[in-house]
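What follows is one structure encoded as structure tokens, with my remarks underneath.
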Amino acid sequence: MIKFGTSGWRGIIADDFTFDNVKIVTQAIANYLINDDKEYKKDKAVIIGYDTRFLSDKYAQISAEVLAGNKIKVLLCKRNTPTPVIAYDIVANKLAGGINFTASHNPPEYNGIKFSPSWGGPALPETTKKIEK
């Protein structure tokens, strides 16, 4: 079961944090942007970043492909990027939001997806509930 915590979902790599589940969560974020986010406009991009955890760059690439498949513009970071940099870029460039692959303070066997809406901060519980649904 995919359950969001603080602005995102975390899981153990290759156990529940898999490529298939990353696709499912990214599709849910795309659905949220397209159907529920009143701030979303098709000309605004979503930035995708990642940390140095195992396969984070690959998870980010898959996430970018899912968003692009939904005709959502994507900016994919070329190297590991901390969450505050993603948040800054969202606000500074008036983006639709951001996704960062990181499990923050969790042990190394974890990875996670953090979603930040257009205002750059962590997604609020009402937003993550819509994404979970």
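The values are calculated or read from the model by the stated rules, or taken from the named source; none is laboratory data. None of the values given here were measured: they were computed from a predicted structure. With ideal geometry, Cβ positions are generated from the backbone for all residues, glycine too; neighbour counts draw on all protein chains shown. Surface areas here come from the heavy atoms of the whole protein model, side chains and all, with no ligands, DNA or RNA. Shrake-Rupley method; radii C 1.70, N 1.55, O 1.52, S 1.80 Å.
Could you please tell me which pairs satisfy a Cβ distance under 6 Å, a separation of 6+ or placement on different chains, a first residue in segment 46-57 that is over 20 Å from Asn70 (Cβ atoms), and a second residue that is surrounded by fewer than 24 Cβ atoms within 10 Å (Cβ to Cβ)?
Every condition considered, the pairs that remain are Asp51/Asn80; Thr52/Asn80; Phe54/Ile13.
State all residues of segment 108-131 that are open to solvent by less than 60 Å² (accessible area, probe 1.4 Å) and outside any strand (DSSP E or B); if no residue qualifies, say none.
Scanning segment 108-131 gives Ser118, Gly120, Gly121, Ala123, Thr127, Thr128, Ile131.
For segment 20-61, give me each residue that is within 12 Å of the chain's Cα centre (by Cα), hydrophobic (A, V, I, L, M, F, W, C) and farther than 22 Å from Lys130 by Cβ.
The one that is within 12 Å of the chain's Cα centre (by Cα), hydrophobic (A, V, I, L, M, F, W, C) and farther than 22 Å from Lys130 by Cβ: Ala60.
What number of residues in segment 93-107 are on the phi > 0 side of the Ramachandran plot and open to solvent by 10 Å² or more (accessible area, probe 1.4 Å)?
The total comes to 2.
Quick one: count up the residues across segment 2-30 that are among the polar types (S, T, N, Q) and without any contact (Cβ under 8 Å) to a residue 24 or more places away in the chain.
Total meeting the criteria: 2.
Exactly one condition in (1) part of a helix (DSSP H, G or I); (2) in contact (Cβ under 8 Å) with a residue 24 or more places away in the chain; (3) open to solvent by 40 Å² or more (accessible area, probe 1.4 Å) is not met by Ala68; state its number.
Answer for Ala68: the failing condition is (2).
Would segment 6-14 turn up any residue that is modelled with pLDDT of 95 or more, open to solvent by 20 Å² or more (accessible area, probe 1.4 Å), within 13 Å of Gly98 (Cβ to Cβ) and assigned to a strand (DSSP E or B)?
Checked segment 6-14: no residue is modelled with pLDDT of 95 or more, open to solvent by 20 Å² or more (accessible area, probe 1.4 Å), within 13 Å of Gly98 (Cβ to Cβ) and assigned to a strand (DSSP E or B).
So which residues in segment 83-107 are farther than 12 Å from Ala45 by Cα, more than 13 Å from the chain's Cα centre (by Cα) and assigned to a loop (DSSP other than H, G, I, E, B), if there are any at all?
Ser104, His105, Asn106, Pro107
For residues that are of a type in the set (S, T, N, Q) and outside any loop (DSSP other than H, G, I, E, B), scanning just segment 18-63, find the one that is most open to solvent (accessible area, probe 1.4 Å). Spell out how you get there, then give the answer.
Keep residues of segment 18-63 that are of a type in the set (S, T, N, Q), which gives 18, 21, 26-27, 31, 35, 52, 56, 61, 63.
Right, trim to outside any loop (DSSP other than H, G, I, E, B) and you get 21, 26-27, 31, 35, 56, 61, 63.
Values: Asn21: 38, Thr26: 1, Gln27: 61, Asn31: 66, Asn35: 112, Ser56: 0, Gln61: 79, Ser63: 0 Å².
My answer is Asn35.
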